[in-house]
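Before any comments, here is the structure.
Laboratory data are not the source of any read-out in this text; all were calculated from the coordinates shown. Treat the numbers as computed from the prediction; the structure is a model and nothing was measured. Cβ placement follows ideal geometry from the backbone for every residue including glycine, while neighbour counts extend to all protein chains displayed.
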Amino acid sequence: MLIKPRALKSKDRVAIVAPASRPARPSIVARARRIVHEMGFEPVLGRHLMSTHGYMAGSDDERFSDLSQALSDPSIHAVWAISGGFGSLHLLDRLPYESLRQNPKIILGADDISHILLAVYKKAGLVTLHAPNLDRIDNKEIFDRLKKALTSTDHLHDLVHRDKFLDDFCYGPVDGFCKGKIVAANLTALVSLYGTPYEPDIAGSILLLEDRAERNDILDRWLTTLYISGKLAHVAAVGFGTFENCDSRGAFNMLSFEELASDRLSSMKIPCCFDLPFAQSAESFVVPIGITGTLDTAKGKLSFTESALSKD
Amino acid sequence: MTPTAFEPVKPRVLKKGDTVAIITPSSPAFEPGTLKYSLDWLHRLGLKYKLGRHTFESYSSYAGSDQARLEDFHSLWADPEITAVLPLRGGAGAPRLLPKIDFDLIARHPKILCGFSDITGLLIPIHQKTGLVTFHGPTLGLMYENAYTHNYYLKALMSTSPIGLVGDPVDEGDAWGFDYPPRIVIAPGKGRGRLIGGCLTLIRGLMGTPYEIDCRDRIVFIEDVDEEPHAMDRMLSQLVLAGKLDQAQGIIIGDCNGCRPGGSKRNVLSLNYSLETMLRERLGHLDIPVVFGLKIGHTIDKLTLPLGVMALLEATASGVKFKIEEAACVDKAPGTKK
């Protein structure tokens, strides 16, 4: 049974956490606090946001204490990651899944936070939101869109591939109109959950994939994992988001990920399209994990057929 | 599967006068010209060869289409004249072949397969699906890199005796050179089990698939190249979450060339948190021996480790003992596996 978290109201408390790496500068924390405040919520800062332990924002215990406190405290209504990096995986075995089932709340973030979003969806059956981390919010449009997404029980905004120049342009190698539950993930993170108790079920889903700063052949490696697992064959459709700073690293004879992925999906006859406004950047739209939607790959349009949040 | 219950299928030993197959199931030869060196070395060992038809083809970073690479793999594997299948190099692409690999054909014609890196994507699945002992050692183009590598290669592939006690390379070079200590104890203990393992990127890529590594009662070896400590952490954490490492009898982390902070040239998340520190934090609590630094995979000094044979790993304050106790090859070709 899918659980939807309650939409935020004015003055609700929003925890700001860093379960992976720490934000790059203290000003990002001050700014994140201000952004949450400007949205009309009360920011609650994790104690260890600027701690460091190797590449992580504090030791596993420190990050866990901030995150689990935010997830378990009934006075906190949403938990928003401030930054990605690495470290979420260490915490998955200890997250308060049962308490989240009892007291559901909004959890949002991207990048390494994708692990947490997928694990909570899997273990607590709670809808989580793939949305920019707080350190990526840099314009009014995304601020307004996020505020609306967090406070409204309306269906979220469609994701439409938008070309800056050509209207209605979309690159969809396999046309199709599909309906299914939405599983949105960072590709590297999704594959990191394979074979673990946190691996999401993607059968019948509209699988939305994004990644950042990876070489094409490495992305193909992880797509290959989905393929050889036999599970990719059962998805309804694949929508690729933006693959920021992903390329061949200068090797001209290396095919683009677009080609490698569409070769694979074409041979499997799985509808797919590229360049949906979905990733980790400020331009990224909010995509709820677990709710039902439709993907029209010929038009490059993802729509939601239900709300992500509940009224109360 | 208990170590005693599992009986591996051992390939016939590689002998002078035999014919080997040269294939490229992953990426193509770096330069066609360098193939000559490999052929000269085969000649020196008294070996003949057959070359895969598609060895020099190209599709993205792969040596031709999946279909072409599969065709070479299957036709040479089925060839009764071939004793050993020797990929020329790794790279990327071998796991793409798995759903169409004919494991029955492999089981019917047990023979030597030796490689590392991307070839891990064949070594583990073939070993697990057919019981065949496969070899994590140099690809053909690297088997003559130096004496240490070459000697262990011959011990594994061209002998019916167990490899025995594994030694470290002797430093014959510049006394001023800096070598990371080759054997660091991450967790002390003593374990015995059949060997399994390979390149971590490939092991991780097989998770959640029908070819996922089975670590139960095994001595598991893991290595990689140019992956930052956080990337190694991600992949090892996946194995931890999947409960894989708890099931092992011992863990050997290889030298892991370039897996230091800043070593990947890709995503640097830390410049002062070493692989060793990460390993201590993630694996130091295990109740099995965990050692770090053996010469496996992406180092010039390279062991050849047979997947499926019994080995002993003992790590104490006074040192690390790693002994391969069982022979990997047999004198006569084993019969058809039922």
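Among the trypsin sites (Lys or Arg not before Pro) found in region A:195-274, those both in a DSSP coil and sparsely packed, with 11 or fewer other Cβ atoms within 10 Å of their Cβ, are A:LYS269. Taking Cα atoms only, the orientation of helix B:66-78 departs from the longest principal axis of chain B by about 70 degrees. Straight-distance candidates among the lysines for linking to A:LYS231, with alpha-carbon spacing under 20 Å and chain neighbours fewer than 8 residues away dropped: A:LYS122, A:LYS123, A:LYS179, A:LYS181, A:LYS269, B:LYS100, B:LYS129.
Check each of the GluC sites (Glu not before Pro) in region B:50-147 and keep only those in coil by DSSP with at most 16 other C-beta atoms within 10 angstrom; list them in order. Intermediate values should be presented prior to the final figure.
Details: sites: B:GLU57, B:GLU71, B:GLU81, B:GLU145; in loops: B:GLU57, B:GLU81, B:GLU145.
Of the GluC sites (Glu not before Pro), the ones in loops of region B:50-147 whose Cβ has at most 16 other Cβ atoms within 10 Å are B:GLU57, B:GLU81, B:GLU145.
Here r is the Cβ-Cβ distance between B:VAL170 and B:GLU71 and R0 is 41 Å; the resulting FRET efficiency, rounded to 0.05, is 0.45. Take the alpha-carbon centre of region A:199-251, take the same for region B:219-234, and report the distance between them in whole Å. Each part's Cα centre sits 22 Å from the other's. Averaging 1/r over each pair of different alpha-carbon atoms in region B:125-234 and inverting the result gives 16.8 Å, the Kirkwood hydrodynamic radius. Secondary-structure-derived ellipticity at 222 nm for chain B, considering helices only, amounts to -7000 deg cm²/dmol, per-run term -39500 (n - 2.57) for DSSP H runs with n ≥ 4. Tell me, what is the FRET efficiency for A:ASP158 and A:TYR97 to the nearest 0.05, using R0 = 30 angstrom and their Cβ-Cβ distance as r? Efficiency for this residue pair is about 0.45. Relative to the longest principal axis of the Cα atoms of chain B, the long axis of helix B:35-44 lies at roughly 80 degrees.
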